[in-house]
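> So that we are looking at the same thing, I have put the structure below in structure tokens.
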Amino acid sequence: MTWRMTDLDERALIERCRAGDDDAFSELVDRYKNLVYAVVTRLVADRAEADDLAQEVFLKVHRGLPYFRGDARLSTWIYRIVSNVCFEARGRSRPETPLDRGPDRPAFEPPSIDASFGDLELRDRLEKAIAQLPDRERLLVAAHYLEGVQYEALAETLGIPLGTVKTHLYRAKRRLRELL
Amino acid sequence: MTCAEFDDIVEAIVAGDVVESDAARAHRAACARCAAAFAVAEAVERALAARPVAAPPARFNAMVMGRIRSERWRADQQVDRVFNIAVTAGVIGIVLGGLALLNLASVTTTIVSMASMTADALSRPPAARAESLPMWIYPLAGALLAASALIWRWAEGARQQPERVRP
């Protein structure tokens, strides 16, 4: 599943949306909803809140389209809106439950015999660890592992060089490794 | 290679961005701590890649478009309110301006006498009231209604015109 559009398609769609064509905007929602929803649900654990925030992203896209200059790709601009909406919401909500790494809980060991149980445990601990990452690293981890999302798009979204994106991702994963 | 150096590159290696050098491989083979770190890093990489991708609900488009329409409706209501206030203020201004241009004193006297005539007519029984109404009151009422309808049509037209380009 990929979310890329050609520049020509994108410009034409934006122009139709700007002209007040609701069908065009619905088409835009159709093209980007999987991307937006996937990232939002990875950033916000509560499904009802994620539903609401994903819709809020498209409301902001609708309001902002007349001011979208087209310097960046539409997907990049939408990413920025996703990160702003999610991090604003995170700022309003209560802090995440910290990962329990008390003396009673051993550090994670990769599964050897019972692989499926180990995978489940790893997934559970991983989600809790991700919740403790700084916002930028959480966004990178959430978005990087979606099909069709490249390092370049993330660099453009965050306004940082490609090398820095990789460094942040490695740092985030190292932090996850240490938290598990 | 030291453990700290290995720690710095292990994520890049398991992500496939860096090819594991012979020195790194030799270190991993000899160091239990770094071998464990490598195994955990691999597990993290696999788990991140396997994180479920949630699909939006079936009615997602309809919900978004519904919220956009209700937002647009609220904005229209706001514009309507402001516009109606402006039109009312304009009409009152024109009427008052017209009154001022005419002889204000005589107009005021006419309004007062019309008000007293109306009050007098209303105080009589209905049958007598119909007889006492002057004939000019009907065309005047009709003209007022027509003028109101025209102002309303014009206001609606002016309101709908910019709607296509409004964000």
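What follows is calculated from the coordinates using simple rules that are stated; it is not laboratory data. If you're wondering where the values come from, they're calculated on a predicted model, not measured in any experiment. Neighbour counts are summed over all protein chains in view; Cβ atoms, including those assigned to glycine, are modelled from backbone coordinates with ideal geometry.
> Could you check the spin-label model distance between A:Asp30 and B:Ala155? Points 7 Å from the Cα along Cα→Cβ, value in nm.
4.0
> Using only Cα atoms and rounding to the nearest 10 degrees, what angle (0 to 90) does helix B:60-101 make with the longest principal axis of chain B?
The angle comes out near 30 degrees.
> Just want the ordering: A:Val39, B:Val112, B:Val53, from fewest to most Cβ atoms lying within 10 Å of their own Cβ. Each step should come with its number before you reach the end.
Values: A:Val39 25, B:Val112 10, B:Val53 16.
By the 10 Å Cβ count, ascending, the order reads B:Val112, B:Val53, A:Val39.
> Shifting gears a bit: Along Cα→Cβ, 7 Å out, is where each label goes; now give me the distance between the ones at A:Asp21 and B:Leu99 in nm to one decimal.
5.3
> Unpartnered cysteines of chain B (Cβ-Cβ under 4.7 Å counts as a partner)?
B:Cys3
> Cα atoms only: what Rg and Dmax, in Å, come out for chain B?
When restricted to Cα atoms, chain B yields Rg and Dmax of 40.7, 117 Å.
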